[in-house]
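The values are calculated or read from the model by the stated rules, or taken from the named source; none is laboratory data. In this text the structure is predicted, and so the values were computed from the model without any measurement. Reconstructed Cβ throughout: ideal geometry from the backbone, glycine too, with neighbour counts over all protein chains shown. These area figures cover heavy atoms from the full protein model, side chains too; ligands, DNA and RNA do not enter into them. Shrake-Rupley method; radii C 1.70, N 1.55, O 1.52, S 1.80 Å.
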Amino acid sequence: MPLARFYRHLAVCAALLLGCWSSAYAQVVGSVVQAVGDARIAGQPASVDNGVQAGQPLTTGAASYLYIKTIDGGFLILRPGSTARVIAYHVDAANPANSQFKLELSQGVARSISGSAVKSARQSFRFNTPVAAIGVRGTDFTVYADEQTTRVSVLTGGVVVSGFGGGCLPQGNGPCEGADKRELFASQSGQILQVLRGQVSPQVLSASPLAPDLTAPPRLDEPPKPVTGATAPVSALPSATAPMEPSLAPRKLVAMDAAITVSVTPTVPAAPSVPAIAVVVASTVPAELPTPAPVVVPTPVAVVPTPVVVVPTPAVVVPTPVVVEPTPVLVAPTPPPVVVPTPVVVVPTPSVPALVWGRWQALADSPATTDLPAILSAGRLVGANGYYALARRTDTAWESPASGGASFNLDSAQALVRTDGTGATAAAAVQNGSLSVNFGAGSFATRIDLLAQNKTTTLTAEGSVGKDGLFGNGIQFAPGSNMMVQGALASHGAGTRAAYLFQSRLDSVTTVYGVTSWSK
């Protein structure tokens, strides 16, 4: 064959191969049905009806969501601070065994709801994270992932999970079915699977606040979970033809205190009535004086006086009566009984802080400082990392002002660093903290100095603040950040409090976990 002809054939083959590769890359996965906030496809802002192709990076910023409906009627939903891509989504309806589905979550929280093609070819489905492979036994699950950890919870059906190692490799397809795999089904209520880097066999956690749906709660418009026993697929947003339970998203908290107004009308006693006094003066003047009789002078007559015999009156002596006064008898009155009142002991009610936090995970040389039921009973869970949890009291109302700002002082903090491989932990110190909130812009900025392993590292974070006082940045590598933050504001007495959890990858083998408390 002439050399020129050979090169022409070679060019044609290369063109065909490039066309095949381009077709694979341009493989249609589905389309966007909901985009909230800073949701992007291949770096471009996402909007409803945008097409999604295999290989395109999918990202969400803080307080942002991206809902993708796949070509077979399933869903891939990314919650805030997430990075993912669909590596392959090939449907062979004629021969389901030839179908291939491979998804990848590098960071954040995602929910996967299987479509009809995936249900027909579960052996061809793989969902990778940086440390684990997930296969399906059912239809609906949620995943949290970062460079060191993967956590999986199941809403409907089941999953099979294995850490990378041995025969389970990131390059593989379908579920890893080795001896170290673990299965989890929706009937195992309250349980999740967790895989740490270097760990092949997943760990089962019960009633964990680290469940993906608590780390990044769903919006109210996420497709709800089908009622047990329903077989109709999720085919529409936000509702489907199957009977549905209420949405998984928690309701917004409402302040429990009600204002009580007591109206008191004082009663003024009437003035006492004074009886009228009538004064009557009687007249004593006689009506008429009598006329005097005429004076008659008689003729004088000689009268011989008759001798008068005076008989002396005997003297009567009346003795003076002697009055004898009796000696008074003094009777001392009986004193009234002395009543000693029983003292009333008033035990002051301890002041419960508006923000409650503690270390729920025990260390090798130190027990946990709180338990999860205590944290959860205190109020609504704000967030949790590998060692600490934070809650805000449900009776603490908060609504961010429309304008202005606030600066906070660091009151206290706890932190520890964990080394991969050995799992060893060591205490760390936090100092030189600053936290400022701009209510008008709905943003925050914070900075702390971390003292660990004989060196100081400055950690910073910037993100958004909601009207309900919850704030965060969703991801360590958000703009202006080198740590991930989840926190809350709360009113406490006459002041304002703040607290947040933080987590940061310091180097290739070291991660810091901590919590801070602030006052204004």
Rounded to whole angstrom, the alpha-carbon centroid of segment 105-173 lies from that of segment 483-515 at a distance of 29
Sorted by mean Cβ packing within 10 Å, highest first, what order do the peptides 128-138, 74-84 take?
74-84, 128-138
Which shape class, rounded, prolate or oblate, goes with segment 406-496 when its Cα gyration tensor gives a ≥ b ≥ c as root eigenvalues, a/c under 1.5 marks rounded, and past that a/b bigger than b/c marks prolate?
prolate
Give the peptides 97-103, 423-429, 211-217 in descending order of average Cβ contacts within 10 Å, highest first.
211-217, 97-103, 423-429
Which peptide among 364-370, 334-340, 39-45, 175-181 comes first, and what is the full order, when sorted by highest mean count of other Cβ atoms within 10 Å?
175-181, 39-45, 364-370, 334-340
Tell me, what ³J(HN,Hα) does each residue in segment 434-442 have, in order and in whole Hz, if you take phi through Karplus 6.51 cos²θ - 1.76 cosθ + 1.60 with θ = phi - 60° and put x for Gly and Pro?
9, 9, 10, 10, 10, 5, x, 8, x
So, with a 1.4 angstrom probe, what is the percent of accessible area on segment 435-511 that is carbon and sulfur?
53
